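Quick note: the coordinates plus some simple rules give every number you see, no bench work behind them. A quick note: this is a predicted structure, and the numbers were derived from the prediction, not measured. Using ideal geometry, Cβ is built from the backbone for each residue, glycine included, and neighbour counts are taken over all protein chains shown.
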Amino acid sequence: MRYVSTRGQAPVRDFAGVLLAGLAEDGGLYVPETWPTLRPDDWRALRGLPYQELATRILAPFAAGSIDEATLRRLCGRAYAGFNHPAIVPLVQLDGELFVQELFHGPTLAFKDMAMQLLGGLFDHVLEREDARVTIVGATSGDTGSAAIEACRDRERIQVVILHPEGRTSEVQRRQMTTVLSRNIDNLAIDGSFDDCQDLVKAMFADAPFRAEMQLSAVNSINWARVAAQIPYYVAAALALGAPDREVCFAVPTGNFGNVLAAWAARRMGLPVRHLAIGSNHNDILARFLAGNDMSMRDVTPSLSPSMDIQVSSNFERLLFELLDRDAAACARIMTGFRATGRMQVPDAAWRKASALFHGLSLDDDATSGAIRRLHDEAGYLADPHSIIGIEAGRRHAVAGIPTIAMGTAHPAKFPEAIRRATGLVPALPPHLADLYEREERYRRVPNRLDAVEAAVRAALFKNAA
Ligand SMILES: *Cc1c(COP(=O)(O)O)cnc(C)c1O
């Protein structure tokens, strides 16, 4: 399988190549040159497999020619061995046709572990094979950072520098990052928003000499391997509820558009998915786009669901590329215009295709709290402030006779203050994190400036080389 950039001006690469590259040199995102597709009988043959084996089989065509299936099987086995639930991604029924798939039984209690635990092993394998090293830089609104740190800690060939917006993550999220004191981990607290952090990471990648000197690599959801590693759980849920002989709908709380893009990919591969409901908080650029082709940036303001406090959904570019029938020049033009003006000019035909398949819903903080409380009263289920937004989006757009599967993206104990305000309950952290509030923290405060951040990345690398 070969990968091409959505902007058409970067080298074609294989799976290991896009894993290491992250963002393409032309500013675009890597996508498969062609989509693997499965027929109904192929889907049926996957029913009932253990999750690790299902993931291996789904990922094999994406890694073909680069990483063999036996290696993938070994890496998938290890990636999910540390999960706290034997089903890895259990389904919970909330009412007749509404289900939650819990994706938060990994080490950092959010769905980011699903991809990141596998990426850690993939990086190790490829770097060992090529006798190479990388510096992973990433921006996080809370969950990506801790998942990356947990997946890469103490790996000798990888240096990790994570930027988070100071004061905008939950305390649990921050501590999950800053209490990992391994030599190869550095945390930078940036005086700015998540989008500022993301822009700084993009700017470091655009600085070609710096990128080469530091051997930069990314594990943000712009990395194709992360999107790929999120496809198997959509397959698992759909098969469990009757696919390919019955359609399903998915509902996904969305920020950077990475998780829901994996759902789209599963559909593109032939899984019978009727529609995709996507939920946002009051930072609602995607909901506005779907409702009226208004993709215009507004200021990001903090919400109860910090991992969705985003206005620029990076992975949307991959969908846009497909909506434009893979016209890379048009995609590049639209994305450059978006950067320059803050408004994306999506052609009407492309918008119609998107709005026929994706349905949006945005909830403000009061509605989010109310929904958490109601769900707990009705079904005895505690959903975190991200998951509940997906659940509500799924309810709003449900189709009679078709099961809706909402993605449970974080454990409620990751956001105890929001849960307490909504329900009066304080969810307990699982045993492996019970002493999180007592652990020593380490991080550096850095101003929202490229030169300052590059200096900090350089210092991190030299500290460890010394
Ligand atoms: C990252 C995250 C999201 C948003 O996922 P995207 O792939 O960025 O759309 C939603 N919920 C939680 C808990 C997250 O950590």
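What the table shows:
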quantity: Extension gain from ASP364 to TRP35, taking 0.36 nm per residue of separation minus the Cα-Cα distance; calculated: 114.8 nm
quantity: Virtual spin-label span in nm between LEU181 and ASP294, 7 Å along Cα→Cβ; calculated: 5.1
quantity: Cα gyration tensor, the stretch 349-460 - rounded (a/c under 1.5), prolate or oblate; calculated: oblate
quantity: Euclidean distance of C-alpha centroids, the stretch 377-424 and the stretch 325-350, integer Å; calculated: 33
quantity: Nonlocal amide H pairs with HIS275, under 5 Å, H built at 1.01 Å; calculated: PHE250
quantity: Karplus 3J(HN,Hα) series, Hz, for the stretch 96-102 with 6.51 cos²θ - 1.76 cosθ + 1.60 (x for Gly, Pro); calculated: x, 10, 10, 10, 10, 9, 7
quantity: Backbone HN-Hα couplings from phi across the stretch 145-151 [Karplus 6.51/-1.76/1.60, Hz, Gly and Pro as x]; calculated: x, 5, 5, 5, 5, 5, 7
quantity: The stretch 184-309 shape via C-alpha gyration tensor axes, a/c threshold 1.5; calculated: oblate
quantity: Footprinting exposure proxy for CYS249, CYS152 (fewest neighbouring C-beta atoms within 10 Å first); calculated: CYS249, CYS152
quantity: Neighbourhood charge, 13 Å Cβ-Cβ cut-off, centred on ARG155 and excluding it, Lys, Arg +1 and Asp, Glu -1; calculated: 0
quantity: Distance between the stretch 135-157 and the stretch 48-93 - C-alpha centres, whole angstrom; calculated: 21
quantity: Shape of the chain, Cα gyration tensor, a/c cut at 1.5; calculated: rounded
quantity: Cβ-based exposure ranking for TYR437, TYR51, in which fewest neighbours within 10 Å come first; calculated: TYR437, TYR51
quantity: Charge dipole magnitude, Cβ of K and R +1, D and E -1 - the stretch 396-466, Cα centre, debye nearest 20; calculated: 200
quantity: Beta bridges by DSSP in the stretch 77-162, antiparallel share as percent, to the nearest 5; calculated: 45
quantity: Amide H within-cut-off set for SER362, under 5 Å, with H built and near neighbours excluded; calculated: SER280
quantity: Of the GluC sites (Glu not before Pro) in the stretch 1-79, those whose Cβ has at most 16 other Cβ within 10 Å and which sit in DSSP loop; calculated: GLU25, GLU33
quantity: Debye, to nearest 20: dipole size of the stretch 23-179, +1 on Lys, Arg Cβ, -1 on Asp, Glu Cβ; calculated: 300
quantity: Cross-link partners of LYS414 among aspartates and glutamates (Cα-Cα below 18 Å; sequence separation of 8 or more within a chain); calculated: GLU102, ASP113, ASP143, GLU150, GLU166, GLU171, ASP309, ASP365, ASP384, ASP435, GLU438, GLU441
quantity: For ALA243, residues with placed amide H under 5 Å, excluding near neighbours; calculated: none
quantity: Positive-end residue of LEU23, THR37, THR56, charge dipole of the stretch 1-56 with Cβ unit charges; calculated: THR37
quantity: Fewest-first sequence of VAL219, VAL12 by Cβ atoms within 10 Å of each Cβ; calculated: VAL12, VAL219
quantity: Bridge type composition, the chain - antiparallel percent by DSSP, nearest 5; calculated: 25
quantity: Within the stretch 303-388, chymotrypsin sites (Phe, Trp or Tyr not before Pro) in DSSP loop having at most 13 other beta-carbon neighbours inside 10 Å; calculated: none
quantity: Estimated dipole of the chain in Debye, rounded to 20 [Cβ of Lys and Arg +1, of Asp and Glu -1, Cα centre]; calculated: 440
